[in-house]
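Here is the structure we will look at.
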Amino acid sequence: IRFWSNIPFITVPLSRAHGKSFAHRSELKHAKRIVVKLGSAVVTRGDECGLALGRLASIVEQVSMLQNQGREMMIVTSGAVAFGKQRLRHEILLSQSVRQALHSGQSQLKDMAVPVLEARACAAAGQSGLMALYEAMFTQYSICAAQILVTNLDFHDEQKRRNLNGTLHELLRMNIVPIINTNDAVVPPPEPNSDLQGVNVISVKDNDSLAARLAVEMKTDLLIVLSDVEGLFDSPPGSDDAKLIDIFYPGDQQSVTFGTKSRVGMGGMEAKVKAALWALQGGTSVVIANGTHPKISGHVITDIVEGKKVGTFFSEVKPAGPTVEQQAEMARAGGRTLAALQPEQRAEIIYRLADLLTDQREEILLANKKDLEEAENKGRLALPLLKRLSLSTSKLNSLAIGLRQIAASSQDSVGRVIRRTRIAKNLDLEQVTVPIGVLLVIFESRPDCLPQVSALAIASGNGLLLKGGKEAAHSNQILHHLTQEALSIHGVSDAVQLVNTREEVEDLCRLDKLIDLIIPRGSSQLVRNIQKAAKGIPVMGHSEGICHVYVDTDASVEKVTRIIRDSKCEYPAACNALETLLIHRDLLRTPLFDQIIDMLRVEQVKIHAGPKFASYLTFSPSEVKSLRIEYGDLECCIEVVDSVQEAVEHIHKYGSSHTDVIITENEKTAEFFLQHVDSACVFWNASTRFSDGYRFGLGAEVGISTSRIHARGPVGIEGLLTTKWLLRGDNHVVSDFSEHGSMKYLHESLPLPQRNAN
């Protein structure tokens, strides 16, 4: 903790040698000295007369937060002209209204015209008010701000340049935020063709060039340029094919078409790019982003510093492979080609992948051994996750069997007609299955997930983006290589892409124009984070697996302990493992109840007592903190219910709609449970662990969904398909079916074509 003016603030260890810009967004969190450039469109209101106070307050809050982390913040601001214009207009209108009231009468007030105001005069009138506003806002965060007005001469005159440099360093040393602006009251018009002529020369003709010059002069780590567009586009924003450029590299200017400048200010996007490249050459990283969007302006600066994918990042380091956006486009194109193949060809690819899993067993296990050794050396994975990370010969054999099941069952999955209707004579309608599009599957510590999901995507004709955990990098790499080798037999290698760039999961979830469905495979925390981060993309999955087993009064003694043991102890980390055991009250203090407790103790399962169960016991296990806990380990909760109806109500209140089981010999009670429990999977006298795509005969699954829309439960090929409608007519128009038209609707159901018997 450092102190300045008796006010403590927290510092963070931030340091790096200046001279080379950051290569990746993820490194921006190490930036210590930061310049934030606020464009005229960011600072001013839409009517260009006055300041956008709410936006400005949010920016000040973000800058203050970063300053109090120990960073050195500087602001290059516009807005003096707009603020002065507001003040001068008010004064002129007031003056005119008084004069006209005296000489012309009130009737002519409405005809008053506001004269065109000279920009230098507006700047002179607005500069003091703008600074007073900044000071008032920064004072709320116990931060002092200082104003510095500069012109081009201050950079080109050596003595003035040194003076400016010394002043800025002294202000930063004292934890003061310098607020810099061009002195528009006296600044001369910019000289033509004198801007940005090399690394050592930059003409300060607008605040973009000022910010770039200042950033290099002060050896700044990061320059954030805020404007009224999301970043740099490959063509003017608003045009049909305009795409936001995530990372811009020197030399890419030829691929960009610049539009007009913003509604206010002296610069345009072309000026910003030139200034950004100049700063980049000087060793300063640059991000151009939108500072006006109401949904993101409140955290745009902090998001950039945290390394999130916001705006356009300028980098000198070009990655060896394609960007994730390019990978998504490749997956879509490859997926469409895949969907156009014959079913036998898609099955052939999957059979080939199954063969490769067993033929290349040694190479796969060697890569997996590297992952396990690295994870154990770093000690970053718990034992259950290490088990998930581990591959074995038996696992690979099981994978191959599952893939062959998928291949055998996928012959008529794509293009299958599920409804036929004759709308009218010679007008037939069909509803057919088609792929969803591009799937993004994010998985942790489960390399066996890669070939499973790939096979399901291939069978359903979907393009696929895979994002695996870094703990399984070696395993994922070889498994993806084998997948592409199998795809290559029909020339569709691009259909399955493995994301190897430093993309954060949150950033991937924002690619709503490229990805159609996100499927998370991992911890409940991962699923919740993805559901929260996904912007406009549906997420298929479940955030929790709180599975129940209800033991009824008519339960079989032989079945109870077997089913409970398998549900809880066979694989306690699985999402379909038992977490809460519900026992009918009449079974308490019976031999059956004692057998259950003894079995759990032998299996070393820690028992937590629910509130009602605890009330029946003199000395009870620790009372549960919540009835909505997914333990994921050898722990479970026991609670008492008075009836099957109460068991159903308990499950609806505390469950996660995943998998729930009843153990009873009473068929009527069992059917009541099966019909009334509203979960994805509801079983009678069977372990919760059967809730699995492979065990359901789906070959494999991309996950288990508790959603009520589209797929539910273990999701196989069918869950990765949607439908489209095909209408075949012969010169049909709707007007023919009007009241006085010549045609009538038939709406006859037609028989479906025979499915492949295989």
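Remarks
- Residues (farther than 23 Å from residue 700 by Cα and part of a helix (DSSP H, G or I)) located in the stretch 368-401: 369, 370, 371, 372, 373, 374, 375, 376, 377, 378, 383
- Every condition in (1) within 14 Å of residue 209 (Cβ to Cβ); (2) modelled with pLDDT of 90 or more holds for residue 170 except the one numbered (1).
- Single condition residue 583 does not satisfy, out of (1) in a strand (DSSP E or B); (2) under 39 Å from the mean Cα position of the chain (by Cα): (2)
- Of the listed requirements (1) basic (Lys, Arg); (2) in a helix (DSSP H, G or I); (3) farther than 19 Å from residue 457 by Cβ, residue 404 misses just one: (3).
- Residues satisfying the stated conditions in the stretch 436-456, i.e. open to solvent by 30 Å² or more (accessible area, probe 1.4 Å) and within 23 Å of residue 352 (Cα to Cα): 446, 452
- With respect to the conditions (1) over 37 Å from the mean Cα position of the chain (by Cα); (2) over 27 Å from residue 388 (Cα atoms), residue 648 lacks only one, and its number is (1).
- The residues in the stretch 381-400 that are under 30 Å from the mean Cα position of the chain (by Cα) and either acidic (Asp, Glu) or loosely packed, with under 12 Cβ neighbours inside 10 Å (or both) can be counted, and the count is 1.
- Residue list for the stretch 479-522, restricted to those being part of a loop (DSSP other than H, G, I, E, B) and under 26 Å from residue 366 (Cα atoms): 499, 500, 501, 502, 522
- Residues in the stretch 315-338 that are open to solvent by less than 30 Å² (accessible area, probe 1.4 Å), of a type in the set (A, V, I, L, M, F, W, C) and over 11 Å from residue 246 (Cβ atoms): 328, 331, 338.
- Flag for residue 459 being open to solvent by 10 Å² or more (accessible area, probe 1.4 Å) and more than 21 Å from residue 366 (Cα to Cα): no
- Of all residues in the stretch 37-57, those that are under 23 Å from residue 171 (Cβ atoms) and surrounded by fewer than 24 Cβ atoms within 10 Å (Cβ to Cβ) total 2.
- The numbered conditions (1) part of a helix (DSSP H, G or I); (2) in contact with a strand residue (DSSP E or B) (Cβ under 6 Å, 6 or more places away or on another chain) are all true for residue 422 except (1).
This table checks each residue for (1) modelled with pLDDT of 90 or more; (2) in the same structural domain as residue 245 (by the TED database); (3) surrounded by fewer than 18 Cβ atoms within 10 Å (Cβ to Cβ).
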residue: 479; (1), (2), (3): yes, no, no
residue: 482; (1), (2), (3): yes, no, no
residue: 493; (1), (2), (3): yes, no, yes
residue: 497; (1), (2), (3): yes, no, no
residue: 501; (1), (2), (3): no, no, yes
residue: 508; (1), (2), (3): no, no, no
residue: 512; (1), (2), (3): no, no, yes
residue: 516; (1), (2), (3): yes, no, no
residue: 524; (1), (2), (3): no, no, no
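So that you can scan it fast, the table gives a plain yes or no per residue for (1) under 28 Å from residue 539 (Cβ atoms); (2) of a type in the set (Asp, Glu); (3) in the same structural domain as residue 351 (by the TED database):
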{"site": "377", "(1), (2), (3)": "no, no, yes"}
{"site": "384", "(1), (2), (3)": "yes, no, yes"}
{"site": "399", "(1), (2), (3)": "yes, no, yes"}
{"site": "471", "(1), (2), (3)": "yes, yes, yes"}
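- Considering the conditions (1) assigned to a helix (DSSP H, G or I); (2) farther than 30 Å from residue 639 by Cβ, residue 525 is excluded by exactly one of them, (2).
- If you check 571, 550 for being aromatic (Phe, Trp, Tyr), closer than 20 Å to residue 629 by Cα and at pLDDT 90 or above, only one passes: 550.
- Yes/no for residue 559 being basic (Lys, Arg), surrounded by fewer than 16 Cβ atoms within 10 Å (Cβ to Cβ) and not assigned by the TED database to the domain that holds residue 447: yes
Matching residues to (1) free of Cβ contacts under 8 Å to residues at least 60 places away in the same chain; (2) of a type in the set (A, V, I, L, M, F, W, C); (3) more than 22 Å from residue 678 (Cα to Cα):
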{"residue": "580", "(1), (2), (3)": "no, no, no"}
{"residue": "587", "(1), (2), (3)": "yes, yes, yes"}
{"residue": "604", "(1), (2), (3)": "yes, no, yes"}
{"residue": "608", "(1), (2), (3)": "yes, no, yes"}
{"residue": "619", "(1), (2), (3)": "yes, yes, yes"}
{"residue": "625", "(1), (2), (3)": "yes, no, yes"}
{"residue": "633", "(1), (2), (3)": "no, no, yes"}
{"residue": "640", "(1), (2), (3)": "yes, yes, no"}
{"residue": "646", "(1), (2), (3)": "yes, no, no"}
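- Condition met for residue 727 (surrounded by 16 or more Cβ atoms within 10 Å (Cβ to Cβ) and at pLDDT 90 or above): no
- First in the stretch 734-748 and touching a residue at least 40 places away in the same chain (Cβ under 8 Å) and surrounded by 11 or more Cβ atoms within 10 Å (Cβ to Cβ), second anywhere and assigned to a strand (DSSP E or B) and basic (Lys, Arg), Cβ under 6 Å, 6 or more apart: 746/422; 748/422
- Some residue of the stretch 691-709 being aliphatic (A, V, I, L, M), assigned to a loop (DSSP other than H, G, I, E, B), surrounded by fewer than 21 Cβ atoms within 10 Å (Cβ to Cβ) and within 37 Å of the chain's Cα centre (by Cα): yes
- Failed criterion for residue 414 (all others in (1) under 35 Å from the mean Cα position of the chain (by Cα); (2) more than 25 Å from residue 751 (Cα to Cα) hold): (2)
- Some residue of the stretch 267-290 being closer than 14 Å to residue 312 by Cα, open to solvent by less than 20 Å² (accessible area, probe 1.4 Å) and at pLDDT below 80: no
The values are calculated or read from the model by the stated rules, or taken from the named source; none is laboratory data. Remember, predicted model here, so these are calculated numbers, not experimental data. Neighbour counts run over all protein chains shown; Cβ positions are idealised from the backbone, glycine included. The area values use the complete protein model at the heavy-atom level, side chains included, leaving out ligands, DNA and RNA. Shrake-Rupley method; radii C 1.70, N 1.55, O 1.52, S 1.80 Å.
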